[in-house]
């Protein structure tokens, strides 16, 4: 595995993926290891503009429009990723598997279409490792209640989130060697130790 890998943090809302990514980023800072971190949607300047449009509570896009907006956001990030590929560790808060989990398993968009567009965009960029954060319904909604404001993707029902999470788990099981499932219902410190031990091996 590359010593400057692309490491992705996946999971549904309230699963702790962004928290875990921040813990890893802080660890890399302490070790003075070069890295960048981006989020999807978001990351680059233009991608952040698209993020605001996607997550705005007044937006009401159909499934295909949502897909294309997420991919437009990714397209704006590709140059940033390519610029740092194999030069710095790249931490990504959601990436291609989120598109499959949400748009295909959650919303029913054709998987072949998603794979075609994803593959076109990322081309020869290789994701080295993915942490999938899982959460039960009780903790999911407890954590969402604590947020100061909720965006459009924070307001789906439990049936939708269950479909998306099952999709994520299916993807994880098909790529076992490059995936770790993290039970975010457990204590943060326990998961922090688990994730950092794996990060040390990867880098």
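Some notes on this structure:
- Exactly one residue out of 71, 55, 19 is touching a residue at least 40 places away in the same chain (Cβ under 8 Å), under 24 Å from residue 164 (Cα atoms), surrounded by 17 or more Cβ atoms within 10 Å (Cβ to Cβ) and out of contact with any strand residue (DSSP E or B) (no Cβ under 8 Å at 6 or more places or on another chain): that is 71.
- Top-ranked residue of region 22-37 - restricted to ones that are without any contact (Cβ under 8 Å) to a residue 12 or more places away in the chain and assigned to a helix (DSSP H, G or I), ranked as nearest to residue 129 (Cα to Cα): 22
- Screening region 58-68 for residues that are part of a loop (DSSP other than H, G, I, E, B) and free of Cβ contacts under 8 Å to residues at least 60 places away in the same chain and picking the one that is surrounded by the fewest Cβ atoms within 10 Å (Cβ to Cβ) gives 58.
- Residue list for region 3-16, filter: within 19 Å of residue 202 (Cα to Cα) and crowded, with 19+ Cβ neighbours inside 10 Å: 5, 6, 7, 8, 9, 10
- Those residues of region 79-112 which are in contact (Cβ under 8 Å) with a residue 40 or more places away in the chain, farther than 20 Å from residue 3 by Cα and more than 13 Å from the chain's Cα centre (by Cα), in sequence order: 103, 104, 105, 106, 107, 108, 109
Each reported figure results from applying straightforward, stated rules to the coordinates on display, with no laboratory input. Everything numeric in this text was worked out from a predicted model, so none of it was measured. Here the Cβ is made from the backbone with ideal geometry for all residues, glycine too, and neighbour counts use every protein chain on show.
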